[in-house]
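Visitor: Let me begin by handing over the structure; questions about it come next.
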Amino acid sequence: MIFKSWLTQRLAPYPGARQFIKFSIVGTTAAIINFSFFYFLQRWFGLWYLHASVVGFLVSVVFNFSANKLWTFRNRETGHHVWRQLFRFSLVMVTGLTINSVIIYGLTERAGLDSNLSWLFATLAVTVWNFSLNRFWTFKRRI
């Protein structure tokens with residue numbers, strides 16, 4: 001509690017930094033959800049790994065969208081606006097996935113980096129990309 005109060009106080013003048021930290025927490029949680037579904041559907045239920053991957057991705061996207069909308073960006077829009085946001089969010093996610101794959105491939109196959117290091121660089125770049133687009137486009141406050 002003391003750390004949370006101290007951190008909240010220090011970040012108060014920087015709402016973008018607070019949102020980025022929340023965005024990162026949500027993203028990490030979504031990754032854990034994604035992997036958990038992937039792993040358990042495969043190992044416990046014998047689902048083909050590609051099907052398990054799709055289910056895990058879809059469940060994590062629903063969590064990711066909801067948590068970022070309500071907690072990270074505190075966006076309370078309802079009705080047809082939510083569908084527009086969901087479309088934009090999905091577009092950002094698919095674009096981020098594409099960028100991530102291109103960076104990993106390029107750094108691993110073309111630059112000769114270890115794939116784990118390539119994954120780290122790609123993840124950092126796409127996190128900034130996803131955060132920026134979701135903050136200023138997907139969940140932009142209407143005036």
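Visitor: Would you call residue 108 in contact with an Asp or Glu (Cβ under 9 Å, 6 or more places away or on another chain), surrounded by 14 or more Cβ atoms within 10 Å (Cβ to Cβ) and either of a type in the set (Ser, Thr, Tyr) or farther than 21 Å from residue 64 by Cα (or both)?
Guide: Yes; evaluated as a whole, the condition is true for this residue.
Visitor: Identify all residues within region 72-84 that are touching a residue at least 24 places away in the same chain (Cβ under 8 Å), assigned to a helix (DSSP H, G or I) and surrounded by 13 or more Cβ atoms within 10 Å (Cβ to Cβ); write none if there are none.
Guide: 72
Visitor: Moving on to the next point. Could you check how many residues of region 19-71 are under 17 Å from residue 90 (Cα atoms), surrounded by fewer than 19 Cβ atoms within 10 Å (Cβ to Cβ), modelled with pLDDT under 95 and not aliphatic (A, V, I, L, M)?
Guide: 2
Visitor: If you don't mind, there's one more thing I want to ask. Restricting attention to region 128-137, does a residue exist that is touching a Phe, Trp or Tyr at 6+ places or on another chain (Cβ under 6 Å) and under 20 Å from residue 31 (Cα atoms)?
Guide: yes
The values are calculated or read from the model by the stated rules, or taken from the named source; none is laboratory data. Keep in mind it's a predicted model, so treat the numbers as computed, not measured. Cβ coordinates were reconstructed from backbone atoms using ideal geometry, including for glycine residues, and neighbour counts include every protein chain displayed.
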